[in-house]
1. Anything over 26 Å Cα to Cα? Flag those among 44/438; 36/361; 44/222; 39/442; 39/153; 36/222, in the order listed.
2. Can you bin the chain into rounded, prolate or oblate? Criterion: square roots of the alpha carbon gyration tensor eigenvalues sorted a ≥ b ≥ c, rounded for a/c under 1.5, prolate for a/b above b/c, oblate for the rest.
3. For segment 169-257, what does the relative contact order come out to in percent, with C-alpha contacts under 8 Å and a separation of six or more?
4. Taking a ≥ b ≥ c as the square roots of the eigenvalues of the Cα gyration tensor of segment 255-346, is the shape rounded (a/c under 1.5), prolate (a/b larger than b/c) or oblate?
5. Using alpha carbons only, how many degrees (0 to 90, rounded to 10) separate the axis of helix 282-291 from the longest principal axis of the chain?
6. Against the longest principal axis of the chain, how steep is helix 254-267, in degrees 0 to 90 to the nearest 10, with axes from Cα atoms?
7. Among 356, 420, 43, whose Cα sits farthest toward the positive end of the charge dipole of the chain (+1 at Cβ of Lys/Arg, -1 at Cβ of Asp/Glu, about the Cα centre)?
8. Using only alpha carbon pairs under 8 Å that are at least six residues apart, calculate the relative contact order of the chain and give it in whole percent.
Amino acid sequence: MTLLNGLASTDGRTGGSGEALAIRGGQPLRGRVDVKGAKNLVTKAMVAALLGETPSTLRDVPDISDVSVVRSLLEVHGVRVTAGDEPGSFTFDPADVASAHMEEIDAHAGASRIPILFCGPLLHQLGQAFIPDLGGCRIGDRPIDFHLDALRKFGAVVEKLPSGIRLSAPNGLHGANIHLPYPSVGATEQVLLTAVRSRGVTELRNAAIEPEIMDLIAVLQKMGAIISYEPNRVILIEGVDRLSGYDHRAIFDRNEAASWASAALATDGEIFVAGARQQEMLTFLNIVRKVGGDFDIREDGILFRRAGDLQAVTVETDVHPGFMTDWQQPLIVALTQATGTSIVHETVYENRFGFTQALVKMGADITVHPHGLQEGPRRVPRRNLEQAAVISGPTPLRGADITVPDLRGGYSHVIAALTATGSSTVHNVGIISRGYEKLYDKLAALGADFDVLG
């Protein structure tokens, strides 16, 4: 797998969107995989480096394309990025931060949703920012209204243009009282990255409290920020005049860890996920146990396997500390092998069950209810955008020709192909490189039988 200056390349050899895998399934995955820093923390911590007056060092950076995109965006804004003092570490020097040409920023439009988080830091550093049209996985609306409304409350002037959004802060930014209508992770990150250097105090209510958010708060506190987490999803930020750089080791990627756990359950294998920790995965581990899986928590990771036949479960996705929406797609592959009828209620994104069409093509018995299920007691209150997937099993999966729709769905297609008997061709696997480091190497280490097609 080729590298681009030490970070994941996005060309065809590392997982360009046109790349395909020929997979011969039906064998359990066994062995060890190592997970590095969480994509959902690392990319945000890289943006945070813009706020410092001295260089920052981030450790356990995964070799994924989303990291490469953020690096490019930092570099076009004048941040000097160099390899750190250990493998997987990088230093970000913001001494020469400058406005980037619209064309340079726009070149990354559609590659990532990270650019919106550059707004606050750039407004502090330069007094202006330009954000192109945003991309990312097509799993449902991710409106940026939460972001823009918050930035306006800080004093930003927002101008919508045909090519994107221009922001300015003619009078600087000041603290604000912000209540999010939904505990959005992205909007919470936006407020944190903007409030730390805004004049006065910011109170953020109904904030997201995911482990990656808490790790970002730890990064900002190392830089000199004053942030306190209050009861009932309230975060208080006292603005400071200046911040310094940080030295931080990123929290592990619990999404990738859960994905490999689901792969062990689906293929009746045994996978040790090095770097995984119990505390951040409590909710997921409960579901593993309910479905008939087993796990052995060790000092350096967690071993996942089946405890016997898999059993049906009911799962509702929710914001932390609920069951993550990113976890349900790989888990559904395992649920096709469970006895009984499982139900997965998706309450976060409205289009995240599109990947199940490929599983049905492979022999799965899955019915998607686009407006959810009305009946039955619920832990999570019903939401207007809700969908539900009903999975009846166990059903043997057969090899098929399928196309990856999004990051987690794509990984799920690969695992489904490895669970299935016969041969499958999985197209558009380049999307998976956004969030899974060295996927091919890890699959090979687990005994997967596959070829990379040109």
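The values are calculated or read from the model by the stated rules, or taken from the named source; none is laboratory data. Just so it is clear, the model here is predicted, and its values are computed rather than measured. Cβ atoms come from the backbone with ideal geometry, glycine included; neighbour counts cover every protein chain shown. These area figures cover heavy atoms from the full protein model, side chains too; ligands, DNA and RNA do not enter into them. Shrake-Rupley method; radii C 1.70, N 1.55, O 1.52, S 1.80 Å.
1. Pairs exceeding 26 Å: 36/361; 39/153.
2. Prolate, since a/c reaches 1.5 and a/b exceeds b/c.
3. That works out to 30 percent.
4. oblate
5. 10 degrees
6. The angle comes out at about 10 degrees.
7. It is 356, whose Cα lies furthest towards the positive end.
8. 21 percent
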